[in-house]
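Asks: Structure incoming, see below.
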Amino acid sequence: MGKTLQAYVIVGMDADFRELVYHAGKAMDAAGIEWTIVSGFRDDWRQSIASGIKASGGNSLHGGSRRTGGYGHGQAVDVTGVEDTDMSDVWKWIDANGAKYGLYRPMPGYDPAHIQSRGEWRKLAASLRQARIKEAQMRPAVSEAPKPDDKSDDKASVVAAAAQ
Ligand SMILES: [Zn+2]
């Protein structure tokens, strides 16, 4: 259930964008920062019912068909902390480290959870992907990717599994 929706929002992202989110997520895990994706890919219909301040219909970078080409091309993700932690830790981390992953928060005051790519993010994604594949080849054949029904909260692993 939840996993299906999560897979949907993650797989609906642009593959390069997902690569960036994966590496940033891994780095946040390593830094001990609790994070969660509250929204990734949204199709036009979901975007149109997403409440409040979100961009409307086809114009959303979350996957609007006019803006990005729709499913598989989402280029935005909403990330927060988890309950009972300081939500702003995640955002402070993105502000301090996001550039390494081609990620930033374009609207820190207005929509603080919203993260987009910028700069030479496709190039960055390509080199991060190469590094990830190389690392996977060096490692013994133990997969860290969770099974689809794994209850793991390790979001980076979920993103990694979706990236395969
Ligand atoms: Zn957003």
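No lab work stands behind these numbers, since they all come straight from the coordinates. Just so you know, these numbers come straight off a predicted model, no measurement behind them. Here the Cβ is made from the backbone with ideal geometry for all residues, glycine too, and neighbour counts use every protein chain on show.
Asks: Which of the chymotrypsin sites (Phe, Trp or Tyr not before Pro) across segment 89-140 are loop residues per DSSP, with 14 or fewer other Cβ within 10 Å? Numbers along the way, then the final one.
Replies: Details: sites: Trp91, Trp93, Tyr101, Tyr104, Tyr110, Trp121; in loops: Tyr110.
Passing both the DSSP loop test and the Cβ count: Tyr110.
Asks: Sticking with this one: List the trypsin sites (Lys or Arg not before Pro) in segment 83-131 that DSSP assigns to loop (not H, G, I, E or B) and whose Cβ has at most 16 other Cβ atoms within 10 Å. Which are they?
Replies: Qualifying residues, ordered by number: Arg118.
Asks: Next up: Taking 7 Å along the Cα-to-C-beta vector as the label spot, tell me the Arg139-Arg122 distance in nanometres, rounded to one decimal.
Replies: Calculated label separation equals 2.8 nm.
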